[in-house]
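Data block below; observations after.
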């Protein structure tokens, strides 16, 4: 399967408007560190009136996104989640192991079915009624056991696969969060969901893949 090679994007330098007074810098820092608290405050104080709460939250987030603040505060990155998943070596190895186990179950069931068919063929040429009844009972029992084995095995392996996917998704999200914090990104979007962007953004897919695949340090 061919995969798109992820490359780090380059963020275009933007010349910000110089602050005319010290107050603009103060308010910029204030909103940077307190926007979440202000929104929480709105929820607590005016939760009895959802309409007012909505208006105030829109005002605060709108103010935060105005050019004067956005230029200094918001850095945007994207991640190709599918590419990260396909390049996550530990995750892909465990998925292949899960697929191998399923193949072994199918192979085992196929061999058992062939044996049952052989027994049924022998049964067609059997004339001893006592032996016929005994073989019929054995065949019926083996069919039930085979069906039970197949569904139980596949159920266990399906749950194992779901756990692998859940754990991998959590690891990917943690890696995205750590890199975003480290590099100062305010927002990270899935590349597959972006239809248009008027601002430059950085593709940090390769950074996430590198972090996920780096050897784990042994605990002391």
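The values are calculated or read from the model by the stated rules, or taken from the named source; none is laboratory data. Keep in mind it's a predicted model, so treat the numbers as computed, not measured. Because the Cβ atoms are built from the backbone with ideal geometry, glycine has one as well, and the counts that use them run over all protein chains shown.
Key figures for this structure:
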item: Exclusive hit being touching a residue at least 24 places away in the same chain (Cβ under 8 Å), over 21 Å from the mean Cα position of the chain (by Cα) and under 21 Å from residue 106 (Cβ atoms), set 142, 161; result: 142
item: Checklist (1) at pLDDT 50 or above; (2) assigned to a helix (DSSP H, G or I) applied to residue 44, failing item; result: (1)
item: Residue match in the stretch 184-192 (condition: at pLDDT 95 or above and more than 30 Å from residue 115 (Cβ to Cβ)); result: no
item: Answer from 175, 140, 206, 197 - the residue that is out of contact with any strand residue (DSSP E or B) (no Cβ under 7 Å at 6 or more places or on another chain) and either modelled with pLDDT under 90 or not in a helix (DSSP H, G or I) (or both); result: 197
